[in-house]
Amino acid sequence: MSADDRLVAVTGATGRQGNAVTRHLLRNGWRVRALTRTPDSKRAQALKGLGADVVRADFDEPDTLRAAFHDAHGVYSVQNPMISGIDGEIRQGIAVADAARDAGVSHVVYGSAGTGASDTGVGSWESKLVIEAHMRQLGLPLTVLRPMAFMELMTDRGYFPPASTWHVMPKLMGADRPVVWLSVDDLGAIAALAFAEPSRFVGADLTLAADVHSIEDCRAIWRGVTGKAPRRIPMPVWLFERIVGDDLIAMWRWLRTGSVPIDTSETLRILPTAVTVRQWLSAQQAPREPHPA
């Protein structure tokens, strides 16, 4: 692959997944076109400081996507149904696929979720199957990355962990049910590998899991790492549902009895350095180096 071809356009570049993918691609020598609706934001400017070409693009403005994908070898596609809603996610995912087809992109890596089954009743999983089907119908060279639970669910404020992960989730799913975990950073590393080795990854549909632990296991690991239990805020299910909607509630109820792949071997073959829950939580406790002035 020539240097001119080593350009990947990353959608949602200031979000969790897009940010991780952008950073790993830059570390690996790729040129990155970081797409965002707010190029002047602090997160966007931080990516620019790392060497990304930050451009404005909007999922609901197809012309901006086609312009952003021009001359790109690859596209990382991810949408957030918590922001757009399920119907909006499908519309946006299809818009990315159409723009990638129109731009002649050579490789699309899609940040999906769920088990790949079509009968779960979980809206934010089944919406992704609709987008995947559209990509395949277009004939796009496609890699699907399918993580189940991000380790960030335990600490990221945006996920409301005291109420969600440590209270409502185990209440609905069961505190002793196995959960397959992957860090967002490791998803970014795997996406970068996929772009680097298209002959290996185009056509792949990968369930990603670096570790398997129940919520009760994770509580014990947290206590072992920090010396105290994770903060927990008891909250009625109806109140949490009013805050976040019914999709997470449906997901956790399904997980109480649903069948989830729990084999970590494929993910660890792809990325032997993928971290365990204990390693990840330990890293969160390490002192952070101050940002340069």
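The values are calculated or read from the model by the stated rules, or taken from the named source; none is laboratory data. The shown structure was predicted, so the numbers you read here are calculated from the model rather than taken from an experiment. Positions of Cβ are generated from backbone atoms using ideal geometry, with glycine treated the same way; all protein chains shown enter the neighbour counts.
Is at least one residue of the stretch 38-54 modelled with pLDDT of 95 or more, touching a helix residue (DSSP H, G or I) at 6+ places or on another chain (Cβ under 9 Å), in a strand (DSSP E or B) and closer than 19 Å to GLN92 by Cα? No; the residues of the stretch 38-54 include none that is modelled with pLDDT of 95 or more, touching a helix residue (DSSP H, G or I) at 6+ places or on another chain (Cβ under 9 Å), in a strand (DSSP E or B) and closer than 19 Å to GLN92 by Cα. Being within 20 Å of the chain's Cα centre (by Cα) and either outside any strand (DSSP E or B) or among the acidic types (Asp, Glu) (or both) holds for only one residue in THR120, THR143, and it is THR120.
In summary, ASP211 fulfils each of the numbered conditions (1) farther than 19 Å from ALA175 by Cα; (2) surrounded by 13 or more Cβ atoms within 10 Å (Cβ to Cβ); (3) modelled with pLDDT of 95 or more with the single exception of condition (1). Output yes when any residue across the stretch 254-270 is aliphatic (A, V, I, L, M), within 20 Å of the chain's Cα centre (by Cα), crowded, with 17+ Cβ neighbours inside 10 Å and under 30 Å from GLY139 (Cβ atoms), and no when none is. The answer is yes, given that some residue of the stretch 254-270 is aliphatic (A, V, I, L, M), within 20 Å of the chain's Cα centre (by Cα), crowded, with 17+ Cβ neighbours inside 10 Å and under 30 Å from GLY139 (Cβ atoms). Residues considered: ALA175, ALA194. Of these, the only one that is touching a residue at least 24 places away in the same chain (Cβ under 8 Å), closer than 28 Å to VAL8 by Cα and of a type in the set (Gly, Ala, Ser) is ALA194. Taking the stretch 86-117 as the region of interest, how many residues are polar (S, T, N, Q) and either assigned to a helix (DSSP H, G or I) or over 19 Å from the mean Cα position of the chain (by Cα) (or both)? Looking only at that region, the number is 2.
Give the residue that is surrounded by the most Cβ atoms within 10 Å (Cβ to Cβ), with candidates limited to residues of the stretch 64-85 that are modelled with pLDDT under 95 and not in a loop (DSSP other than H, G, I, E, B). So the residue we want is PRO81. Here ALA220, ALA204, ALA175, ALA274 are screened, and the one residue that is at pLDDT 95 or above, crowded, with 16+ Cβ neighbours inside 10 Å and of a type in the set (Gly, Ala, Ser) is ALA274. Exactly one residue among THR226, THR155 is in contact (Cβ under 8 Å) with a residue 60 or more places away in the chain and out of contact with any His (no Cβ under 6 Å at 6 or more places or on another chain), and that residue is THR155. Selection over the stretch 149-172 of residues that are surrounded by fewer than 21 Cβ atoms within 10 Å (Cβ to Cβ) and of a type in the set (Val, Ile, Thr) gives a count of 1. Scanning the stretch 118-130 for residues that are surrounded by fewer than 22 Cβ atoms within 10 Å (Cβ to Cβ) and without any contact (Cβ under 8 Å) to a residue 60 or more places away in the chain turns up SER118, ASP119, GLU126, LEU129, VAL130. Inspection of the stretch 20-35 finds no residue satisfying the criterion of being at pLDDT below 95 and either of a type outside the set (Asp, Glu) or out of contact with any Leu (no Cβ under 9 Å at 6 or more places or on another chain) (or both).
Of all the residues in the stretch 247-276, those that are closer than 21 Å to LEU206 by Cα, of a type in the set (D, E, K, R) and touching a residue at least 40 places away in the same chain (Cβ under 8 Å) number 2.
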